[in-house]
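K.L.:
Next up is a structure, given as structure tokens.
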């Protein structure tokens, strides 16, 4: 077979490597199989059925392939995580903040006497409930979560919005007194 250019260079017209037929590859495979089976064929005491050790061949062939492909797959996964990491970190942090706020609201409702979980919180108990929930979140959540939530004030504001408060509760009647309780030297009224 004569080509106008060597097999290892691209064609100037198409930019592709020259086509090679499938016949040479099939012939090489048949020769490899025949060479491997030749000792079994030459033995007169061999049974009529020829046992070709395909499993051993596959293991022997796949070991170098896996030695190359496993690091490539690990690199691809690492690159994918690196591209997605800022987005994934943002989602996970947002979910942790919301989980901490819900836990703080539930804790505040359980910690304050006279507040029943699932019912509206009255105006006179709202400040104590918000302060107890905020104190719980600040003490138990990781500092990065509290920082991302807006600090103590941000956590208190989010718990204020998460609680089922009475219609008369507002920032002036519930949130500001809760922040005053949190700023008090002892942290308790």
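The values are calculated or read from the model by the stated rules, or taken from the named source; none is laboratory data. Since we're looking at a predicted model, the values are computed, not measured. For neighbour counting, all protein chains shown are included, and Cβ atoms are generated from backbone atoms with ideal geometry for every residue, glycine included.
K.L.:
Picking from 149, 105, which residue would you name as being touching a residue at least 24 places away in the same chain (Cβ under 8 Å) and either under 26 Å from the mean Cα position of the chain (by Cα) or within 30 Å of residue 78 (Cβ to Cβ) (or both)?
P.N.:
149
K.L.:
In addition: Quick one: which helices (runs of 4 or more DSSP H) sit completely within region 72-169 and have at least 2 residues that are in contact with a strand residue (DSSP E or B) (Cβ under 8 Å, 6 or more places away or on another chain) and either surrounded by 20 or more Cβ atoms within 10 Å (Cβ to Cβ) or at pLDDT below 95 (or both)?
P.N.:
Those helices (runs of 4 or more DSSP H) span 123-140.
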